[in-house]
Amino acid sequence: MKKRRQHDKGLFLIAVLKMVYGLLFLVLAVGLLKLLHKDVEDVLEQWIMALRIDPSNHYVSTGVEKASQVSDQKLEGLSALTFGYAALFLTEGMGLFYEKRWSEYLTVIATGSFIPFELYEVIQHCSALKITLLVVNVGIFIFLIYKLRQPKGA
């Protein structure tokens, strides 16, 4: 009887995280496309009312005001960029799930390239979410560097 090899738990967790990110970016990209040729302000106000968010909140009103100034051309560009991120995250996730060495390298390069920008964001506008994302990505980066330094299959 052939014994099944166990998945590396660390790679599996990172793969799941990357695939969740990829799916979220995919949903966001499609959502941005659905806003094309629509009054973005009206759509956001409907969502605010449906979710029972206080429309007079400073952050909400500022966000709606900024979003209402977004053109269809910018929405198309943002959607294309978001589809690109979705493709990257889904590729990383599937490659890590199947424990492909190329995916470990891809994830190290992609994750490592974002760390300076995330660090800058934490320094400029510190929040618990930004710190958490930075810590998670640094952890992923360090773990994958460690994995890549080991012989394949170890």
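The values are calculated or read from the model by the stated rules, or taken from the named source; none is laboratory data. Values in this document were obtained by computation on a predicted structure and should not be read as measured data. These accessible areas exclude ligands, DNA and RNA; they are computed on the full protein's heavy atoms, side chains included. Shrake-Rupley method; radii C 1.70, N 1.55, O 1.52, S 1.80 Å.
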Whenever you get a sec, compute what percent of the accessible area on the chain sits on carbon and sulfur atoms (1.4 Å probe). 67 percent
Taking region 104-154 and dividing mean pair separation by its residue count, relative contact order in percent (alpha carbons under 8 Å, at least six apart): 51 percent
Here the equivalent ellipsoid of region 71-154, derived from its Cα gyration tensor, has semi-axes (largest first, whole Å) of 27, 20, 9
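Based only on Cα atoms, what mean projected area does the convex hull of the chain have, in nm²?
For the chain, averaging the hull's shadow over all directions gives 12.4 nm².
Normalising by the residue count of the chain, find the relative contact order in percent from Cα pairs under 8 Å and 6+ residues apart.
Across the chain, relative contact order equals 30 percent.
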Expressed in µm² per second, the diffusion coefficient of region 1-56 from the Stokes-Einstein equation, with Rh the Kirkwood radius over alpha carbon pairs, at 25 °C and 0.890 mPa s, is 164 µm²/s
Apply the Kirkwood formula to region 56-107: the hydrodynamic radius equals the inverse of the mean of 1/r over all pairs of different alpha-carbon atoms; give it in Å with one decimal. 13.6 Å
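Using the heavy atoms of the protein chains and a 1.4 angstrom probe, tell me the accessible area per residue for region 1-105 in square angstrom. Spell out each step's value before the answer.
Values: 7670 Å² over 105 residues.
Per-residue accessible area for region 1-105 comes out at 73 Å².
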